[in-house]
Amino acid sequence: MPESKEGCRAQFLLFYLPHICFNVSFTDRIDGIIALRKRGLKMKKQSLNGRWMLIQDGSSEKLEANVPGDVYGDLLRAERIADPYYRDNENSLQWIGETGWTYSREFGMSEGFLSQDRIFLRCEGLDTLATITLNGRILAQTDNMFRQWAFDVKDTLVKGSNRIEIHFDSAAVYSQEKMAERRLPQWDQPMGNAYIRKEPCNFGWDWGPCLVTAGIWRDIGLVAYTTARLDDIHILQQHRKEVVVLKIDATVEATQASKLSARATVRYKGDVVSVEKTIKGSNVRLPLTIEDPELWWPNGMGKQPLYTVKIELFDEHGSRLDLQTRRIGLRTLRLDRHKDRWGESFQFKVNGVPFFAKGANWIPADAVLSHMTRDRYKQLIADCAASNMNMLRIWGGGIYEDDAFYQFCDEKGICVWQDFVFACAAYPTFDPAFLKNVRAEAEDNVRRLRHHPCIALWCGNNEMEAGLVGDAWSDTQMSWKDYKKLFDKLLPDVVERLDPQTDYWPSSPHTPVGDRMKSYLPGSGDAHLWGVWHGQRPFEWFRTCRHRFNSEFGFQSFPEPKTVRTYTTATDRNVTTHVMEHHQRSGIGNTTIMRYMLDWFRLPTDFDMTLWLSQILQGMAIKYACEHWRRSMPRGMGTLYWQLNDCWPVASWASIDSLGRWKALHYMAKAFYAPILVSGLEDNEKGTVEIHVTSDLMASRKGQMSWVLTDVQGKIIDQGGKGVDIAPRKSRRIDTLRLKKTIEEKGVRDLMLWIDLTVGGKSVSTNFVTFARPKHLELQSPGITTRVGKLKNGSYKVSLSTKKPALWTWLELDNADAQFSDNFVHLRPGSAVDIIAHPTDTLSLKDFRANLSVSSLIDTYR
Ligand code: BMA
C-alpha cells in the first residue's frame, strides 16, 4: 500500500475520531480504533546487502562479492582459491589475511528517502579494521567486529547514484605489529590477537585453522526517519502468583518536538494485551499484565511458549513512525549461589526451580562464518535438544552468535551461558581506548540479546583467571589491577545496568572465595577439569572430582571415515601422516588419543576402525565424567563438556563433526543426559556395584530396575531387580549388588553387568558395567541379525538381535547419511534393540539395505 494513501486515510479517521487521546488504557477496548490507524511505517529502510565488488589491495581485478559475507566466502564462490579445509591448503592461503581488501558498490537514492529528517548508515557487523567512504568522503574508521555502527549520512548522500566503499586493513599484520611493540601473554592460539576486537579463533586455535578474513559480515543498510524513532527496547519481567507483569521500556530518539505515543502489544496464541502511553521526554515505560502466564522452561522441564511483544511509535496524527518486535519467554532464570555444607552452590534456577545443567561448549560452527546458514544453526540446536541437553556455553574465543542461534535456543529450551569474547590471553586493559571500545561492544550485545529467554548468564572471559593473571604484568601474565578494570568493573556494570535480571560471572573457571588464583577449588564456583586429556590422567580420575559446576572437560576423537575422506587422499589415511596431523591442532593430539586407546582397547586393525574406535573411547571418557557428576547432584549441578561442534573437519573434542555428523559421543550423551538415568558404579576391590538413579524430571515416577549379570558369552550368571520410587530432581543410590564371590570365581574378565530401568513398562535408561578394561574381555563373534523395515515417514526401523554380546554396536550408511534414534548400543543375547534411522535424503529400502553396515567392538580388531 503506498505510504501517502495510507497516511491520508489515517488522518481522515483521526479527524473524525477526536476522542483518541493517548492516555494509558488497557486497550483491547480501543483495539478496533487503533486498527484503523495507518498500517504502514514512516521509518524507511534501504538494504545495502547483496552484490558488491571486491578488490585486493594492489590489484585491479574485481571480484563479485556477497554481503553479508567475507573475503574467504567470496574467493571460494569465485573459485579463486582452493578449499581451505582440504589437506593442508590452509597453509597456502595465509596471504588472504595478510593483505587489505576493498568492498564497494553503487546504490540509488530517491528524493523521498533523502527528504527525511535523519538518515543513518547502519552496519550490524564489520570485520574488522574498516575505513568507510561514501561518495568520496571518509565517513568513519572502525575497529571492532562485534559492534553495531550507525553513521549520520544525510549530508553525504545525493539523489540518484551513490557510491560506498569499505576498505579493510589486514588484521593479521596489525596484530603482529602490536604484538611486536608489546607482547601480550596468551595460550592455545598460534598468533597474538588480543589487541584487536575480532573473533579470536579466526587466527587459529587448538581445534581450528588460521583463516584470517575480513568483510561486511552482518547486514548493512540505510535507515531514514522523520520526527522520531524507537532507539532501544528493554523488557523486564516481574513474576507474581498467576501473573507476570512486563515492564517495557522504550527509548525514543526525536528530531523535532512532537506529541508522540507508544503502544506495546503482547500476543500469545489468540490472546492480545496492549497498553498505550504518551511519551514525555525520551523514555516511556509501558507496563503490561499477563494473567495466567504460560511459563518458559528449559528442555526436559516443560514447554517453551514464546510471546510476541510489539512496540509501536505514533506521531500526533496517529501515523506509525516505527515498529519493533521481540519474542520473549516468561521465566525467571538466575544463577543461585548460597552457602551450603560443601561451600557455595553454583546452580541455575528457572522459575525458582533449581536444575542440573546438561550440555556442552559451543564454538563458531564454521571457520568461514559466512558459510553458516539458518538451517545449520537450526539443526545443531535441534541436535542438542535431541540429546537431552538444556544448556550451551558460548565460549569466549569465538563470537557473539547470530540472532538465529538464540532464536532456536529459545524455541528448543537450550539455555545459553554467554561468555564475553575474551579467551586465553591477556588484554590491553591498560589502554583507556581499548576499554571504551569494549564497553560499547558489551552494550551492543547485551542490548541485542537480553530479551531472549535462553540467556542464562553473562560471563566475563574464558580461562584468564586460570593462570593468565598475576601480581604484575610479566611475560606470562597480566596484572590483577588491569584485569579487574574490565572483568570486575566494566562488564558487570554494563550487565547490571542493561540486563539486571541476568547474572554476571567474571570468568570461567572462577572460584569466588579465597585466593582467586586457585580457580580449581572444588567447593564453589565453576571448574574446567582437564586432568583427563591435557593432564593425561586416567578416565577414573573424573570420579575423584567433586566440583560444583563443570563447565569444561573433554576428550578428543577423529571424525568418522566419510568426513575424513573429504579432506584426505588415500595415501593420507594413516593417523600419523602430515595431513592427518595437520587436521589435529592440539599439540599432544593424535598421540594422546592413541595412548588412551591402548589403555582401554585392542589395537585396531585399520585406519577406519581407528577412527571409529577413537569415537567410542571419547564417548566412554565423557560418560565417566557426566554420570559421576549427575550422581553427585545437588553438590554438582552442571556438566558442559568440551565441545559440542567443529568449525572444519578435524580431530577434536567435538561430539558433532563439522559436517553435522554425530560422533559416538553425541549418541552416548543422549543416554547419559537422559531425563532419568540409571548408572552403575563398580568397585572391584569391594566386589560391589552401586546402582544409582538420577532424575531431572519435575514429578516423581515409579520405576522398575532390573539387572542381569552374564559372562562374555552372554550366559546369565545371576539377575535381580527392584521397584524404585524415582523422586523428582534427585539422585540416589537405589541398590548395591554384592558380587565379590562371583568375581573371585569367574574373574573380572569374564563378567558383564546389564542394567535396565523401566517406567510404565517402557525402558527409559539402560547401562552397562564391566570389571575389566574392554581390551581384556575375550569377546566372541556376536552373530548379529539385522532386520530392516520401512516406516511411513521415509524412516527405517532397524531391529538388531545377537547370539553373543556385541559391545558398542553401530550402524553406518556408506553413501548416505542418517540420524539414528540410538547408536553405539550394547547388544545382549535374548534382548533385541530397535533403532530408527532418519536418512538425510530420501533413500529406497533397497538402497538403505545396500548401504547399511552394522559393526561392533570386535570388528575394530579382528
Ligand atoms: C579449553 C578451551 C579452549 C580449548 C580447549 C581445549 O580450556 O577454553 O581454549 O580449545 O580447552 O584445549
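The values are calculated or read from the model by the stated rules, or taken from the named source; none is laboratory data. Everything numeric in this text was worked out from a predicted model, so none of it was measured. When we count neighbours, we look across all protein chains shown, and the Cβ atoms used for this are built from the backbone with ideal geometry, even at glycine. Heads up: the accessible areas ignore ligands, DNA and RNA and are worked out on the full protein's heavy atoms, side chains in. Shrake-Rupley method; radii C 1.70, N 1.55, O 1.52, S 1.80 Å.
Quick look at the values:
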| quantity | calculated |
| --- | --- |
| The range 329-384 - residue that is among the acidic types (Asp, Glu) and assigned to a helix (DSSP H, G or I) and, of those, least open to solvent (accessible area, probe 1.4 Å) | ASP383 |
| Residue match in the range 677-691 (condition: open to solvent by less than 10 Å² (accessible area, probe 1.4 Å), among the acidic types (Asp, Glu) and touching a Lys or Arg at 6+ places or on another chain (Cβ under 9 Å)) | no |
| Strands (runs of 3 or more DSSP E) enclosed by the range 209-273 - at least 1 residues per element that are under 30 Å from LYS349 (Cα atoms) and modelled with pLDDT of 95 or more | 228-240, 243-254, 261-268 |
| Which numbered condition PRO200 fails, given (1) within 30 Å of SER586 (Cβ to Cβ); (2) open to solvent by 40 Å² or more (accessible area, probe 1.4 Å); (3) within 25 Å of the chain's Cα centre (by Cα) | (2) |
| The range 140-163: number of residues that are assigned to a strand (DSSP E or B) and crowded, with 20+ Cβ neighbours inside 10 Å | 3 |
| Tabulated pairs, the range 409-424, first at positive phi, second open to solvent by 10 Å² or more (accessible area, probe 1.4 Å) and more than 16 Å from the ligand (Cβ to nearest atom), C-beta under 9 angstrom, 6+ apart or interchain | GLY413/TRP297; GLY413/ASN299; GLY413/GLY300; GLY413/MET301; GLY413/GLY302; GLY413/LYS303; GLY413/GLN304; GLY413/ALA385 |
| Matching residues, the range 518-542, being assigned to a loop (DSSP other than H, G, I, E, B) and either of a type in the set (D, E, K, R) or away from the ligand (no atom under 15 Å from the Cβ) (or both) | LYS518, LEU521, PRO522, GLY523, SER524, GLY525, ARG537, PRO538 |
| One residue from TYR86, TYR103 being farther than 20 Å from ASP127 by Cα and surrounded by 12 or more Cβ atoms within 10 Å (Cβ to Cβ) | TYR86 |
| Leading residue by the ranking (farthest from PRO428 (Cα to Cα)) among those in the range 179-193 that are at pLDDT 85 or above and either within 10 Å of the ligand (Cβ to nearest atom) or surrounded by 15 or more Cβ atoms within 10 Å (Cβ to Cβ) (or both) | TRP187 |
| Test: residue in the range 118-127 that is in a loop (DSSP other than H, G, I, E, B), in contact with a Lys or Arg (Cβ under 9 Å, 6 or more places away or on another chain) and surrounded by 21 or more Cβ atoms within 10 Å (Cβ to Cβ) | yes |
| Residues satisfying the stated conditions in the range 573-586, i.e. away from the ligand (no atom under 16 Å from the Cβ) and either open to solvent by 10 Å² or more (accessible area, probe 1.4 Å) or in a loop (DSSP other than H, G, I, E, B) (or both) | ARG573, ASN574, VAL575, THR576, THR577, HIS578, GLU581, HIS582 |
| Cross-chain or 6+ apart pairs with Cβ under 9 Å, the range 795-817 first and on the phi > 0 side of the Ramachandran plot, then among the small types (Gly, Ala, Ser) and not in a strand (DSSP E or B) | TRP808/GLY619; TRP808/ALA664; TRP808/SER856 |
| Exclusive hit being within 16 Å of the ligand (Cβ to nearest atom) and either within 21 Å of TRP187 (Cβ to Cβ) or free of Cβ contacts under 8 Å to residues at least 60 places away in the same chain (or both), set ARG374, ARG393 | ARG393 |
| Pick from the range 628-642, criterion over 27 Å from GLY398 (Cα atoms) and open to solvent by 10 Å² or more (accessible area, probe 1.4 Å), ranking: nearest to the ligand (Cβ to nearest atom) | HIS628 |
| Answer from GLU124, GLU111 - the residue that is under 17 Å from ASN49 (Cα atoms), acidic (Asp, Glu) and either out of contact with any helix residue (DSSP H, G or I) (no Cβ under 6 Å at 6 or more places or on another chain) or free of Cβ contacts under 8 Å to residues at least 40 places away in the same chain (or both) | GLU124 |
| Count of residues meeting criterion [hydrophobic (A, V, I, L, M, F, W, C), open to solvent by 50 Å² or more (accessible area, probe 1.4 Å) and closer than 24 Å to ARG631 by Cα] in the range 743-793 | 1 |
| Hits in the range 543-557 (condition: crowded, with 24+ Cβ neighbours inside 10 Å and either of a type in the set (S, T, N, Q) or more than 16 Å from the ligand (Cβ to nearest atom) (or both)) | ARG548, ASN550, SER551, GLN556, SER557 |
| Any hit, the range 598-606, residues being touching a residue at least 60 places away in the same chain (Cβ under 8 Å), more than 20 Å from the chain's Cα centre (by Cα) and within 16 Å of the ligand (Cβ to nearest atom) | no |
| Qualifying residues in the range 458-478 (those that are more than 16 Å from the ligand (Cβ to nearest atom) and open to solvent by less than 10 Å² (accessible area, probe 1.4 Å)) - the one nearest to TYR400 (Cα to Cα) | TRP458 |
| Residue within the range 401-419 that is within 30 Å of MET478 (Cα to Cα), at pLDDT 95 or above, in a loop (DSSP other than H, G, I, E, B) and more than 16 Å from the ligand (Cβ to nearest atom) present | yes |
| Options ASP503, ASP526, ASP493, ASP488: the member that is under 22 Å from the mean Cα position of the chain (by Cα), under 28 Å from GLU401 (Cβ atoms) and open to solvent by 10 Å² or more (accessible area, probe 1.4 Å) | ASP503 |
| Checking ARG197 against (1) away from the ligand (no atom under 16 Å from the Cβ); (2) over 30 Å from PHE120 (Cβ atoms); (3) among the charged types (D, E, K, R), the condition it does not meet | (2) |
| Some residue of the range 643-664 being in contact (Cβ under 8 Å) with a residue 60 or more places away in the chain, within 15 Å of the ligand (Cβ to nearest atom), β-branched (Val, Ile, Thr) and over 19 Å from ASN823 (Cβ atoms) | yes |
